[in-house]
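Coordinate-derived values only; no laboratory data. Not measured: the values here are computed from a predicted model. Note that each Cβ is placed from the backbone with ideal geometry, even for glycine, and that neighbours are counted across all protein chains shown.
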Ligand code: ATP
């Protein structure tokens, strides 16, 4: 009788409510169902967010490595943007940090602790994911935000909504926070859904953040609201941004140009432009395309 419940509990504990990409998580679990706590795993302490990839090699099939001997270090609170051609491995790098996949060689540490020695719940509970696919369930806006942290107070929920630039929308709705969304309720736009996911992460308040920037075009005003909310969300948290549009990552502490051969170059926006390498070429190509 308890078995199914235990299973549900395990899923809920392992996949903290802040994790916005629920569907992706299901997809991922279908890919590597064998990822589980090590027998001697212990709960990670509250993390500062010093992230290190040490000689990481990984491929979805062992004979086809996507990452080879990758070295990457991010100081607590820093924002690192990953740019580069499609298929280069940006998403893959980010998927390894919450241990959606297991590295084949090398190791990943946070605050010097190998992530494989942490329980999955304590690791994933400290990584906020903002993905393109937002997982919302049929229920009120309040319930959907509160999913970021059960037991959050009314004040905390309102504060998260405000920081995610959702307050104007909520004020416009007849039932405010209690407005039901989904098939039987109000349909939210792509930009509104994204802000709802951002509100969840504000509530979750994790030390580490992974942002998968939307590729789909949003109107300029929505775009600006989301960029502002994300900039505020990233402040003081170790952040990895998968950037598709270079205009949005100028302020990153460091930009990594990821190619199939590995990290081709890294530096600040100004440094990389001056270096006259692949970043400068990507930049020129993107602005030329935008001007067309
Ligand atoms: P994009 O900018 O298009 O999102 P990316 O740089 O994030 O690209 P990844 O998604 O990390 O690139 O993909 C790196 C390589 O791994 C690609 O060759 C891709 O086809 C492959 N790949 C990605 N996900 C999987 C998966 N779940 N199973 C098998 N191969 C995968």
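Modelled spin-label separation between residue 143 and residue 86, with each label point placed 7 Å from Cα along the Cα-to-Cβ direction: 3.7 nm.
Only DSSP H runs of four or more residues enter the estimate; each adds -39500 (n - 2.57), and after division by the residues of the chain the mean residue ellipticity at 222 nm equals -11000 deg cm²/dmol.
Comparing 120, 97, 150 in a Gaussian network model of the chain (Cα springs below 10 Å), the most mobile by mean-square fluctuation is 150. Dividing the alpha-carbon radius of gyration of the chain by the rule-of-thumb value 2.2 N^0.38 Å gives 1.02. In the elastic network of the chain, a GNM with C-alpha springs shorter than 10 Å, the most mobile of 245, 184, 116 is 184.
On full extension, the segment bounded by residue 133 and residue 284 gains 51.4 nm, given 0.36 nm per residue less the C-alpha separation. The mean sequence separation of alpha-carbon pairs under 8 Å and at least six residues apart, normalised by the residue count of the chain, gives a relative contact order of 24 percent.
What FRET efficiency, computed as 1/(1 + (r/R0)^6) with R0 = 45 Å and r the Cβ-Cβ distance, is obtained for residue 173 and residue 251, rounded to the nearest 0.05? According to the calculation, E is roughly 0.85.
By its C-alpha gyration tensor, with a ≥ b ≥ c as the square roots of the eigenvalues, how is segment 222-292 shaped: rounded for a/c under 1.5, else prolate for a/b larger than b/c, else oblate? Since a/c reaches 1.5 but b/c is at least a/b, the shape of segment 222-292 is classed as oblate.
Using alpha carbon centroids, what distance separates segment 250-270 and segment 86-151, in Å? Taking the Cα centre of segment 86-151 as reference, the centre of segment 250-270 is 22 Å away.
When the chain is treated as a GNM with alpha-carbon contacts under 10 Å, the residue of 108, 198, 208 showing the greatest mean-square fluctuation is 108. Counting 0.36 nm for each residue step from residue 36 to residue 154 and taking away their Cα separation leaves a gain of 39.0 nm.
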